[in-house]
Amino acid sequence: MTAVQHVRVEGPAYQRGQQYGTQAAERVRSSVRAYERVFAHLTGWDWPAVRREAARFATPIGEFRPGYLDEMRGIADGAGLDLADILAINVRTEIMYAAKARQAPLAECSAFARAPAPGQPGGPVIGQNWDWLSHAAQTLVVLEARPEDGPDFVTVVEAGLLAKAGLNSAGLGLVTNAMVTGADAGEPGLPYHVLLRAILDCGTVTAALEVLQAGPRSSSANYLVAQAGGGALDIEAAPGDVTRLYPLFPDEDGLLLHTNHFQSARFQANGSAPADLGLWAMPSSAVRLQRLRAGAGKRDLDGFGALLADHADYPRGICAHADPAIGPLDQSVTIASLLMDTESRQIWLAAGNPCQVPYQRLDISL
């Protein structure tokens, strides 16, 4: 079982960042060292080149939410690093695209939400398996934040990054999937992980959609949100402006299910949309989506936990395991599995493969 560090921060942006960096200093430094190796392996870029590329994103981030740069500066100071190091790991997705990294057949995330119809009992539940490069298992943190100017939030994330999947005190839950299109070139814009953080600062599902329209996005991604009270929406996003956002709505059972390729009929019918490369870069996406659809039904949260342990297409199924045919720096596995109840503001985390590690309810106060 992966040990998970619980980091609690509060106050203004720089102060929160400094608390984060100080508490998780060794894990933050481990994140930077790991990505230095990953970028050298996948792109051939040394760390000074990575830092120069990351610096191109400081202006769009600062224009969007200057507090996020303050927070990253605080993380850097707390961990004894430079802002450029923290900026680099927060825009790692965009740097990969800019460097046209060699694509390995990586495992990637499988996500779900279920939102009851109006008048039906219960509230939305949401969760995912977060699959990524295996080094992230050693840098995992639970970040619990109390900002001065937005809802409290909890996110399960690699140390040093602003956010990944999580839940906030407004009852807004967020899960996500990496996506890739022919337009992903790493051009400066609003980065993926910065937008994840911005959604966790939102009070409603509509506000989350507005955040994704706030400026040109640099990368493709899928953002699945659900909120206490019943709202749920999946937003597929290609690089660009509002015209490259493609919402998906719950089916007749209230389900939203997503892996790593575009599902929107509007995207597929749009002759000007970039080519979807998800099934090339992450070919396991197709079978994982089929298994989610076959097994979701009317499951409760415990049932979804069992579904996230599914091994069809092993080792690259929903519950992804190490593939002995793949080298260690290309190896991708299930880093963590999350189940979230938006009404009770509770999160259950399996730190590792959910077939092996039991879910534990996090000690959080939202």
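Bear in mind that the values in this text are calculations on the coordinates, not laboratory data. Keep in mind that this is a model prediction, so the values were computed, not measured. Methodologically, a virtual Cβ is constructed for each residue, glycine included, from the backbone with ideal geometry; neighbour enumeration extends over all protein chains shown.
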Compare Ile199, Ile75, Ile235 in a GNM of the chain, Cα atoms joined below 10 Å, and give the one with the largest fluctuation. Ile235
Can you put Val175, Val157 in order, fewest other beta carbons within 10 Å first? Val157, Val175
Size of electric dipole in segment 282-337: Cβ of Lys, Arg +1 and of Asp, Glu -1, about Cα centre, debye, nearest 20: 240
Quick one: work out Rg over Rh on the C-alpha atoms of segment 144-274, Rh as Kirkwood radius. 0.95
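Based on other C-beta atoms within 10 Å, arrange Glu10, Glu252, Glu71 from fewest to most.
Ordered by Cβ neighbours within 10 Å, fewest first: Glu252, Glu10, Glu71.
Wrap a convex hull around the Cα atoms of segment 31-176, take a quarter of its surface area, and give that in square nanometres.
Convex hull of Cα atoms, orientation-averaged projection: 10.4 nm².
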Roughly how compact is segment 147-216, stated as its Cα Rg over 2.2 N^0.38 Å to two decimals? 1.14
Considering the chain as a Gaussian network with a 10 Å cut-off on Cα pairs, which listed residue, Thr243, Thr259, Thr342, attains the greatest mean-square fluctuation? Thr243
If the only charges are +1 at each Lys and Arg Cβ and -1 at each Asp and Glu Cβ, what is the size of the charge dipole of the chain around the Cα centre, to the nearest 20 debye? 440
Restricting things to alpha carbons, tell me how big segment 218-366 is in terms of Rg and Dmax, in Å. 16.6, 48
Put +1 on the Cβ of every Lys and Arg and -1 on every Asp and Glu Cβ in the chain; which of Pro118, Val50, Gly305 then has its Cα farthest towards the positive end of the dipole? Val50
Which helices, taking whole DSSP H runs in the chain, have alpha carbons extending 24 angstrom or more along the helix axis plus mean Kyte-Doolittle at least 0.5? none
For the charge dipole of the chain, defined by +1 on Lys and Arg C-beta atoms and -1 on Asp and Glu C-beta atoms about the Cα centroid, which residue among Val156, Val333, Asn129 has the Cα displaced farthest towards the positive pole? Val333
Segment 88-169: GluC sites (Glu not before Pro) in DSSP coil with no more than 13 other Cβ atoms inside 10 Å: Glu148
Compute the projected area of the convex hull of the Cα atoms of the chain, averaged over all viewing directions, and report it in nm² to one decimal place. 15.6
Isotropically averaged projected area of segment 9-98, using the convex hull of Cα atoms (one quarter of hull area), nm²: 5.3
Name the residue, out of Asn270, Asn177, Asn90, whose mean-square fluctuation peaks in a Gaussian network model built on the chain with Cα pairs under 10 Å. Asn270
Calculated from DSSP helices alone, with each H run of at least 4 adding -39500 (n - 2.57) and the total divided by the residues of the chain, [θ]222 nm to the nearest 500 comes to -9500 deg cm²/dmol
What does DSSP give for the chain in terms of the percent of beta bridges that are antiparallel, rounded to the nearest 5? 90
Just for the Cα atoms in segment 16-62, what are the lengths along the principal axes, largest first, rounded to whole Å? 33, 26, 13
When Met179, Met96 are ranked with the fewest other C-beta atoms within 10 Å first, the list becomes Met96, Met179
